[in-house]
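See structure below.
The values are calculated or read from the model by the stated rules, or taken from the named source; none is laboratory data. Keep in mind the model is a prediction, meaning the values are calculated, not measured. No Cβ is skipped: glycine too gets one built from the backbone with ideal geometry, and neighbour counts run over all protein chains shown.
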């Protein structure tokens, strides 16, 4: 992914590699089991040493499944442990700030799931805490690591598409209309689809084209979600299940984003429909999640057609995974932990870091505010 160029005073000291980086996972649910634990197991430079979850029954299960000795329902225990070098935070959104700031105080390197916080103020606080503690900090923007997204960035950066003019993103999911648990309440999640899914697309749009200068947006909620999966009543949702954004980049390009969890028929074996497109003055290119090892490319007189992603973009050069193993739409996610561990070992900033998380959060916050005010909002520059 490339190293983050920081002022030398802000670089963490390289970690001695005679022993693996000892990682504690805080939040032992499906995301950790699906993404983070397999990735740690693949990397000989890392080892899983601790697990934490508020659910004691799940934690006991993970202790056995993950073969970890240190387990606790209290994140502070993991953050303070001398047997932990780094933490991965995969807990509900409203808990991220307190856990990340505790980890920073104890000198632990931090990777945190998105969104980093409930609003940009929280994320700014997390970023400054990690920056000032001189620890590696990383936002889990998984889709930057998709082979087709890495190749798309290469095409844009190398000028193969000419001058970028339009960015377009669709993320359509067909999810049940039952309760999302904590995710459907604003005070716990911040927002719905906008913070859970669209924020990923905000991030990789800025990674491809640079900062977004101004936005206007709209949100909607269609599913009341007043019943749990097993039919028990619950308080109705008060977050969006559809979001849309119009944006303008400082480079002059325009952007359009739409996301929904209510697109019937868009199951695609659980991966849903994702389409991210750039139209440039010389050509167009498309990334699709369900075919992450293929990109669509076209020019005037040549319709969009599939192109196999070149081997050098299937994974970072030193990543230990085999791109031929497992489902393509799953295995690229393991490179997230590889980048996190690499940044720790090499004494550099991780990519994407908490600052990237802050930039995306400011855009998402502006979408909510713009819809409330029914107008465009200028974003301005976010200081480091």
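Taken across the range 285-298, residues that are modelled with pLDDT of 95 or more and in a helix (DSSP H, G or I) do not occur at all.
Residues are listed down the side, and each one gets a yes or a no for (1) in contact with a helix residue (DSSP H, G or I) (Cβ under 9 Å, 6 or more places away or on another chain); (2) part of a strand (DSSP E or B); (3) under 30 Å from residue 190 (Cβ atoms); (4) not assigned by TED's automatic domain parsing to the domain that holds residue 111:
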residue: 315; (1), (2), (3), (4): yes, no, no, yes
residue: 334; (1), (2), (3), (4): yes, no, yes, yes
residue: 341; (1), (2), (3), (4): yes, no, yes, yes
residue: 345; (1), (2), (3), (4): no, no, no, yes
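Picking from 190, 210, which residue would you name as being at pLDDT 95 or above and over 30 Å from residue 294 (Cα atoms)? Of the residues listed, the single one that is at pLDDT 95 or above and over 30 Å from residue 294 (Cα atoms) is 190.
Based on this model, can you work out whether residue 286 counts as in contact (Cβ under 8 Å) with a residue 12 or more places away in the chain, under 23 Å from the mean Cα position of the chain (by Cα), closer than 28 Å to residue 160 by Cβ and surrounded by 15 or more Cβ atoms within 10 Å (Cβ to Cβ)? In short, yes.
Could you figure out which of (1) modelled with pLDDT under 95; (2) over 21 Å from the mean Cα position of the chain (by Cα) isn't true of residue 345? Answer for residue 345: the failing condition is (1).
Name the pairs: first residue in the range 258-270 and in contact (Cβ under 8 Å) with a residue 24 or more places away in the chain, second residue surrounded by fewer than 16 Cβ atoms within 10 Å (Cβ to Cβ) and assigned to a strand (DSSP E or B), Cβ to Cβ under 9 Å, at least 6 apart or on different chains? Within 9 Å, the pairs are 260/220.
Just to be sure, is residue 364 in a helix (DSSP H, G or I), in contact (Cβ under 8 Å) with a residue 24 or more places away in the chain and crowded, with 23+ Cβ neighbours inside 10 Å? Yes: the conditions hold for residue 364. Of the strands (runs of 3 or more DSSP E) lying entirely inside the range 132-251, those carrying at least 3 residues that are surrounded by fewer than 23 Cβ atoms within 10 Å (Cβ to Cβ) and not assigned by TED's automatic domain parsing to the domain that holds residue 113 are 164-172, 212-220, 242-249. Here residue 121 clears all of (1) part of a loop (DSSP other than H, G, I, E, B); (2) surrounded by fewer than 19 Cβ atoms within 10 Å (Cβ to Cβ) except the condition numbered (1).
Would you be able to tell me the number of residues in the range 174-191 that are within 17 Å of the chain's Cα centre (by Cα) and under 14 Å from residue 222 (Cβ atoms)? Show your work before the answer.
Step one: filter the range 174-191 for residues within 17 Å of the chain's Cα centre (by Cα), giving 183, 189-191.
Applying the additional criterion that residues be under 14 Å from residue 222 (Cβ atoms) yields none.
Number satisfying all stated conditions: 0.
For the criterion of being buried (at least 19 other Cβ atoms within 10 Å of the Cβ) and modelled with pLDDT of 95 or more, residue 280 passes. Of the numbered criteria (1) surrounded by 15 or more Cβ atoms within 10 Å (Cβ to Cβ); (2) in contact with a strand residue (DSSP E or B) (Cβ under 6 Å, 6 or more places away or on another chain); (3) modelled with pLDDT of 95 or more, the one residue 4 fails is (3). Do the conditions hold for residue 272, that is, is it within 17 Å of the chain's Cα centre (by Cα) and either crowded, with 17+ Cβ neighbours inside 10 Å or at pLDDT 95 or above (or both)? Yes, satisfied.
Residue 325: modelled with pLDDT under 95 and loosely packed, with under 14 Cβ neighbours inside 10 Å, yes or no? Spelling it out, residue 325 is indeed modelled with pLDDT under 95 and loosely packed, with under 14 Cβ neighbours inside 10 Å.
Would you mention how many residues in the range 299-312 are touching a strand residue (DSSP E or B) at 6+ places or on another chain (Cβ under 9 Å) and within 18 Å of residue 153 (Cβ to Cβ)?
Of all residues in the range 299-312, those touching a strand residue (DSSP E or B) at 6+ places or on another chain (Cβ under 9 Å) come to 299, 304-309.
Still in the running and within 18 Å of residue 153 (Cβ to Cβ): 307-309.
So the count comes out to 3.
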